[in-house]
Amino acid sequence: TDAFEATLNTCGAPLFEHGVWFTGIGPDSGVIGVDISLSDFSAGAYVFQGLPAPESVVGCAPGMVTGSVAPGEPYYVLAFGDVLSSQTSGNLSISISEAAPPPAVDLTVAPYASVNRSGVVTLKGTVTCTSEDGSGILWDVYGQLTQRVGRMLIRGWFYSFVGAPCDGTATPWEAQVVGDVGIFKGGKAASVTFAFGCTTGGCSAGYVEKTIQIRGGKR
């Protein structure tokens, strides 16, 4: 790597060695993905619009880079060893392709939840991730449940890993919530819920804010 290439390391890679350059024209889709994750050494990549310079960086990352590009404009891609593995060179595997835009994520939360005798609430719902080509992953559902019990305000965070494809199929989700101070009881509660999904072209989230009815919890 020469002195000029070293000045391009604006993303703070721990090392910048054995740079390999590629060039091409922006596709009509407006989003590209540069995947070097299958190389047998740890590599990073930069994408530049026009002549390479710190101010012309479109995106940079280890393993995979995605970014929005202008159709018909010239672009440069620089792949390099970043010393996250013991070596900075080897067999470079690189794929540059049009990337699917971020998916649409639709989320539902059931109007009723249950609580056991220990005050643990079970929330349920469905989540749907849809991408243009069926690619991508719906990662998780997470959020917060809040309930006023007497003078106390009970809060609890919840998380549910989904790991479903972004193929437009509604996937059930379920999560348990434990109060941070005190315990949840039967009655109304406020929920704030998010879902998160990604394609090679980016990520997006679904969001629902809802009042639910908790059933059970009697001792």
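The values are calculated or read from the model by the stated rules, or taken from the named source; none is laboratory data. These numbers come from a predicted model, not from an experiment. Please note: Cβ atoms are built from the backbone with ideal geometry, for glycine as well, and neighbour counts cover all protein chains shown. Quick note on the areas: whole protein, heavy atoms, side chains included, nothing else; ligands and nucleic acids left out. Shrake-Rupley method; radii C 1.70, N 1.55, O 1.52, S 1.80 Å.
The table for this structure:
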item: Restricting the range 20-72 to residues that are acidic (Asp, Glu) and within 24 Å of CYS203 (Cβ to Cβ), the residue that is farthest from the chain's Cα centre (by Cα); result: ASP28
item: Scope the range 157-177; condition farther than 17 Å from PRO103 by Cα and buried (at least 16 other Cβ atoms within 10 Å of the Cβ); matching residues; result: PHE158, SER160, TRP173, ALA175, VAL177
item: Contacts under 6 angstrom Cβ, first residue in the range 151-178 being farther than 16 Å from VAL120 by Cα, partner among the acidic types (Asp, Glu), 6 or more apart; result: PHE161/ASP140; VAL162/ASP140
item: Candidate set from the range 137-156 (those that are part of a strand (DSSP E or B) and open to solvent by 50 Å² or more (accessible area, probe 1.4 Å)); member that is farthest from ALA100 (Cα to Cα); result: MET152
item: Answer residue from the range 63-83, given it is of a type in the set (Gly, Ala, Ser) and in a strand (DSSP E or B) and is most open to solvent (accessible area, probe 1.4 Å) among those; result: SER68
item: Flag if PHE22 is at pLDDT 85 or above, more than 16 Å from VAL83 (Cβ to Cβ) and assigned to a helix (DSSP H, G or I); result: no
item: The range 10-38 residues that are more than 19 Å from LEU92 (Cα to Cα), paired with ones that are among the hydroxyl-bearing types (Ser, Thr, Tyr) (beta carbon under 6 Å, 6 or more apart); result: GLY26/TYR75; GLY30/SER68; VAL31/SER68
item: Condition broken by ASN116, with the remaining ones in (1) open to solvent by less than 40 Å² (accessible area, probe 1.4 Å); (2) in contact with a strand residue (DSSP E or B) (Cβ under 7 Å, 6 or more places away or on another chain); (3) not hydroxyl-bearing (Ser, Thr, Tyr) satisfied; result: (1)
item: Residue selected from the range 25-38 under the condition part of a strand (DSSP E or B) and surrounded by 15 or more Cβ atoms within 10 Å (Cβ to Cβ), by the criterion modelled with the lowest pLDDT; result: VAL31
item: Subset of the range 39-62 (residues that are open to solvent by 40 Å² or more (accessible area, probe 1.4 Å) and not in a strand (DSSP E or B)); result: ASP40, LEU51, PRO54, GLU55
item: Yes/no for THR128 being open to solvent by 30 Å² or more (accessible area, probe 1.4 Å), of a type in the set (Val, Ile, Thr) and more than 29 Å from SER56 (Cα to Cα); result: no
item: Residue that is farthest from ALA175 (Cα to Cα), among those in the range 89-108 that are open to solvent by less than 40 Å² (accessible area, probe 1.4 Å) and modelled with pLDDT of 90 or more; result: PRO103
item: Unique match (being at pLDDT below 90, open to solvent by 10 Å² or more (accessible area, probe 1.4 Å) and among the aliphatic types (A, V, I, L, M)) among VAL181, VAL208, VAL192; result: VAL181
item: Options ALA6, ALA13: the member that is at negative phi, open to solvent by less than 70 Å² (accessible area, probe 1.4 Å) and in contact with a Gly (Cβ under 6 Å, 6 or more places away or on another chain); result: ALA13
item: Selection count, the range 106-136, where residues are under 28 Å from the mean Cα position of the chain (by Cα), in a strand (DSSP E or B) and within 18 Å of LYS188 (Cβ to Cβ); result: 7
